[in-house]
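Since every read-out is calculated from the coordinates, none of them should be taken as a lab result. The structure displayed is predicted, hence computed values, not measured ones. Note that each Cβ is placed from the backbone with ideal geometry, even for glycine, and that neighbours are counted across all protein chains shown.
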Amino acid sequence: MLCPKCTREIPDDAVLCCYCGRRLTAAGGAPKKRGNGQGTAFRRGRTWSAQVVVGYRLPDDPAKKPISIKRTKGGYRTKAEALAACPLLLSGGIERPQQAPRLSWYWDAYTRAEYQQLSKSKQTAYRIAWGKLSRIHDARIDTLTASILRDTVAEAAPTYYTAKDCKTVLTILFNLAAADRYADKDTPSFITLPQLQEKERQPFTVEEQTALWRLYESGDIRAAIPLLMIYTGMMPGEAQALKVEHIDLQSHTITGVGMKTAVRRSAPIVLPEAILPLVGDLIDRAQASGYIWCHNTDVFYADYYAALEAAGCRRLTPYSCRHTTATALAITEGIAPQTVRKYMRWSTTKMLDRYAHPQAADVQEAASALKRPV
């Protein structure tokens, strides 16, 4: 039938015109009731979303009811507009909102798609960043200028890494809006990040490592915590999660404890020959649960710092162990960057700039290696 207001062709059983939003009435003058399966509308923030059921899937448990498969579209100014879009959603088409959606609409769209492919830690970082942008959640994306974005990030995220995450999130959302021709994708590029105030981590010296070995050989098993991380490049969370079942002494590898990135989760941790007796000792002393150390974060860190104090080492954080590994491989032993990347389970050799710490003597030695041609 034809809509009496805009005269465009619409479904015969439509309650609202899916183009102009005009409410349609039955022959008797009373509004038609929406039947089952025609969709619904709900408010999300200051806008309305349309939602329809497009199918069902069987659950893993056959005793439970089938699970509905829903299709949702948001960003509508009124409930009428959202309901009018339901027929298009059911048919597979998606109607563009009559005006630019709010920023929150693009965040919702992002979290249903590409966001799901991120690591859990990255999802958490972006979720925190999104929370700090709450002041502009409900703003139409085409009204957000570079000045507004800069002021918002400066006020909500005064530290470098949080501000960087806010800028990244906004860049993603503006790229999506630019694809819909609602915004300029370069607008977030004008956000100025605060200066990074990061104290460079220090690796353990050779003397400190020797002191830790002496402490371990005297019978203090706590020294095995920093030693294992120094020789393997393990992260603190990986060391805490380590169980006997993860260790294969024959192949000199540890698997199943990788964290944060896909590379670290899939690549095995290599056990050097020098550390094998220590690892065998740890297996013999393992907890009844199979964990190498007490599976309690407070106890783990307390034992770690107690070992440093007993060995006379500086109070370096557990991440300094990982910096020690990279420095020993790249600087002391001169291992090729590509091999160091594999050993450290990095996705790129650029991480060497952050983890390897050459001293002035190392630079001087490199200079001495340059000779005149004969």
Taking the convex hull of the alpha-carbon atoms of the chain and averaging its shadow over every direction gives an area in square nanometres of 30.0
Using alpha carbon centers only, region 213-269 is separated from region 297-324 by a whole-angstrom value of 14
Exposure-ranked with fewest Cβ neighbours within 10 Å first, Glu273, Glu309 stand as Glu273, Glu309
For Thr253, the residues 5 or more places away or on another chain with a placed amide H closer than 5 Å to its own amide H are Asp248, Leu271
Exposure-ranked with fewest Cβ neighbours within 10 Å first, Leu212, Leu227, Leu193 stand as Leu193, Leu227, Leu212
Note: Ile128 to Thr205 extended length (0.36 nm per residue) minus current alpha-carbon separation gives 24.0 nm
Residue span Asn175 to Leu276: 0.36 nm per residue of separation minus Cα-Cα distance leaves a gain in nm of 31.3 nm
Two pseudo-spin positions, 7 Å from Cα along C-beta at Asp60 and at Arg265, lie apart in nanometres by 1.6
Isolated cysteines for the chain, Cβ-Cβ cutoff 4.7 Å, are Cys18, Cys86, Cys166, Cys294, Cys313, Cys321
Rounded to the nearest 500, the 222 nm mean residue ellipticity computed for the chain from DSSP H runs (n ≥ 4, each -39500 (n - 2.57)) alone is -11500 deg cm²/dmol
Simple spin-label estimate for Ile148/Arg8, 7 Å along Cα→Cβ, in nm, reads 2.7
A correct Karplus calculation of ³J(HN,Hα) over region 289-305, with 6.51 cos²θ - 1.76 cosθ + 1.60, θ = phi - 60°, whole Hz and x for Gly and Pro, returns 6, x, 6, 5, 10, 3, 7, 9, 4, 5, 5, 4, 5, 4, 5, 4, 6
For region 139-270, the Cα convex hull volume per residue in Å³ comes to 171
Largest first and rounded to whole Å, the semi-axes √(5λ) derived from the alpha carbon gyration tensor of region 206-358 read 23, 19, 14
Averaged over all viewing directions, the convex hull of the alpha carbons in region 103-190 casts a projected area in nm² of 5.1
Taking Cα atoms, the helix 146-156 axis meets the longest principal axis of the chain at an angle in degrees (rounded to 10) of 50
Violations at 18 Å Cα threshold for listed pairs Lys185/Lys260; Lys73/Lys122; Lys73/Lys164; Lys260/Lys342; Lys122/Lys167 -> Lys185/Lys260; Lys73/Lys122; Lys73/Lys164
Rounded to 0.05, the calculated FRET efficiency for the beta carbons of Lys70 and Thr332 at R₀ = 51 Å is 0.30
For the chain, the longest principal axis of the Cα atoms and the Cα long axis of helix 206-217 enclose an angle in degrees, to the nearest 10, of 80
The simple spin-label model distance between Ala286 and Leu249, using points 7 Å out along Cα→Cβ, in nm, is 1.1
